[in-house]
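Some notes on the structure that comes next.
The values are calculated or read from the model by the stated rules, or taken from the named source; none is laboratory data. All figures in this text were calculated on a predicted structure; none of them were measured in a lab. Note: ideal-geometry Cβ built from the backbone for every residue, glycine included; neighbour counts use all protein chains shown.
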Amino acid sequence: MRSIVEHAHTPALHTRQQNTVMAALLELIMIFLLGLCEALTPLVLALLELLAVCLEFVFLALIKGPSAASEQFQKRKEEHAERKRQQDEKKRAVQAARANEPPPISGHQYFILGFLALFIVIGISIAWTVKDRIQQQRIAETRAQVKQLANNFAGQIRDREIEDPVSHRLRDRDAWQQPIELRVDKELLSSEVVVRSWGPDRKPGSSDDIVTKHTIRVPAKEVGGELAKRGMKAVRNRIAGWLPGGDKEQQSKETDNVEE
């Protein structure tokens, strides 16, 4: 039985980048619409005022005659001139008050700034996309490398003619030029091979480590033979303890084992 566990941290930035680009586009569109409205508002108001004066003149000419309509038109003309004069005075007063103030940003400057901001956002988005693709490619390469190494070491354990591997840091390097670690845990019934890469953050034991595990089950015959050997050894030690001098012999064997 074999179990494989692979973990890879995938930076999720695509949604955030798309939202940033859309926000920049909406801001640019709003700036364009505001500039257009600012330019067309005086023209629309002038056309509406002219239309109202013409309708009033026609209405008075039909009801009260041309002379009354002419007088009313002259009156409206004087009112318009007076209103324009007052607006000009207010405009000159505002300009005089703002003479010492820094000049405000015009609509053209807003357009240029918006275009530059959009260009920067698009450039950052492209850079992040390229970086993310490179990262994903490295993760895929390291995942395949770790999986292949785990398969090789598991094959060594299954092959009784080859010496079993031991836990150590391999000479192999992952896509980020970091060492790959091997851990071998041997038990009576099974052996486990764990091959680990530190992943994109290059820190061991983090959540983005790329790990492959193989569990190799020991055949039942070998398990039975090993249990039989251990049982015979335990019985032999017990019998040796009952015989005269057996305790000394057992203690000497234990002492030799400790020294070894």
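Please note which strands (runs of 3 or more DSSP E) are completely contained in the stretch 116-209 and include at least 1 residues that are in contact with a helix residue (DSSP H, G or I) (Cβ under 7 Å, 6 or more places away or on another chain), under 30 Å from Glu27 (Cβ atoms) and not β-branched (Val, Ile, Thr). Because the criterion is at least 1 residues that are in contact with a helix residue (DSSP H, G or I) (Cβ under 7 Å, 6 or more places away or on another chain), under 30 Å from Glu27 (Cβ atoms) and not β-branched (Val, Ile, Thr), no strands (runs of 3 or more DSSP E) in the stretch 116-209 meet it.
One line per residue, one yes/no per condition, for (1) surrounded by 13 or more Cβ atoms within 10 Å (Cβ to Cβ); (2) in contact with a strand residue (DSSP E or B) (Cβ under 9 Å, 6 or more places away or on another chain); (3) not aliphatic (A, V, I, L, M):
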{"position": "Lys147", "(1), (2), (3)": "yes, yes, yes"}
{"position": "Phe153", "(1), (2), (3)": "yes, yes, yes"}
{"position": "Asp174", "(1), (2), (3)": "yes, yes, yes"}
{"position": "Gln177", "(1), (2), (3)": "no, no, yes"}
{"position": "Glu181", "(1), (2), (3)": "yes, yes, yes"}
{"position": "Glu187", "(1), (2), (3)": "no, no, yes"}
{"position": "Val193", "(1), (2), (3)": "yes, yes, no"}
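Could you identify the single residue in Arg169, Arg138, Arg76, Arg85 that is of a type in the set (Lys, Arg), in the same structural domain as Ile180 (by TED's automatic domain parsing) and within 30 Å of Leu189 (Cα to Cα)? Result of the check over Arg169, Arg138, Arg76, Arg85: Arg169. Residue count for the stretch 155-172 under the criterion of being of a type in the set (D, E, K, R), closer than 13 Å to Val218 by Cβ and in contact with a strand residue (DSSP E or B) (Cβ under 9 Å, 6 or more places away or on another chain): the result is 2.
One residue stands out among those in the stretch 1-57 that are touching a strand residue (DSSP E or B) at 6+ places or on another chain (Cβ under 7 Å) and either modelled with pLDDT of 75 or more or of a type in the set (A, V, I, L, M) (or both): the one that is farthest from Arg83 (Cα to Cα), which is Met1.
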